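Nothing in this text is a laboratory measurement; each read-out follows from the coordinates by a stated rule. Every value quoted in this text rests on a predicted model; they were computed, and no experiment measured them. Cβ sites come from the backbone with ideal geometry, for glycine too, and all protein chains shown count toward neighbours.
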Amino acid sequence: MDGRSTGDLLDNAIKYTEHGSIRLSVKAYEMFVRIDVCDTGIGISESEQAQIFSRFYRSREVSEQQGVGIGLYLSREIISSEGGYMKVQSELGKGSVFSVFLPG
Ligand SMILES: Nc1ncnc2c1ncn2[C@@H]1O[C@H](COP(=O)(O)OP(=O)(O)OP(=O)(O)O)[C@@H](O)[C@H]1O
Ligand SMILES: [Mg+2]
């Protein structure tokens, strides 16, 4: 499992969640491993969900938080280089789930 990528996702979950909880779950299937990082934070609008993986992209709402906008870009690069992929499901104001799929 890739510690750097999961660490970046947890870092985001903590940084962008003020109320509620953060949950990490890992499931091993026959062909792959799925890691979910769920939070009840600020969420990401549908129009921004495709952009957050670009280098240096940061949502306007997070300008007061520290960051350069590289974490998700690097995580996705590393995960793809290992033959896996990452996806996001999110609702603005409700929270996000980042899922990582890695070949097992
Ligand atoms: N869990 C999350 N909840 C809400 N928004 C998120 C979450 N994770 C990422 N984002 C949005 O995606 C953007 C890009 O995330 P990314 O991790 O690449 O950069 P960053 O956290 O701003 O800076 P850093 O380079 O320190 O990671 C964030 O700036 C934020 O707008
Ligand atoms: Mg980050």
**Q.** Number of positions in the stretch 7-47 that are within 12 Å of ligand 2 (Cβ to nearest atom), part of a helix (DSSP H, G or I) and out of contact with any Gly (no Cβ under 6 Å at 6 or more places or on another chain)
**A.** 8
Q: State yes or no: is PHE53 away from ligand 1 (no atom under 12 Å from the Cβ) and of a type in the set (Phe, Trp, Tyr)?
A: no
Q: Those residues that are assigned to a loop (DSSP other than H, G, I, E, B) and exposed (fewer than 13 other Cβ atoms within 10 Å of the Cβ), I need them from the stretch 57-73; list them, please.
A: SER63, GLU64, GLN65, GLN66, VAL68
**Q.** Flag for ARG60 being within 16 Å of ligand 2 (Cβ to nearest atom) and free of Cβ contacts under 8 Å to residues at least 12 places away in the same chain
**A.** yes
Q | Residues of the stretch 42-56 that turn out to be of a type in the set (Phe, Trp, Tyr) and loosely packed, with under 12 Cβ neighbours inside 10 Å, as a count | A | 1
Q) How many residues are at positive phi, without any contact (Cβ under 8 Å) to a residue 60 or more places away in the chain and more than 14 Å from ligand 2 (Cβ to nearest atom) when one looks only at the stretch 63-102? A) 2
Q: Read through the list (1) in contact with a strand residue (DSSP E or B) (Cβ under 6 Å, 6 or more places away or on another chain); (2) part of a helix (DSSP H, G or I); (3) surrounded by fewer than 18 Cβ atoms within 10 Å (Cβ to Cβ), then give the number of the only condition that ARG76 fails.
A: (3)
Q | Members of the stretch 2-13 that are more than 7 Å from ligand 1 (Cβ to nearest atom) and surrounded by 11 or more Cβ atoms within 10 Å (Cβ to Cβ) | A | ASP2, ARG4, SER5, THR6, GLY7, LEU9, LEU10
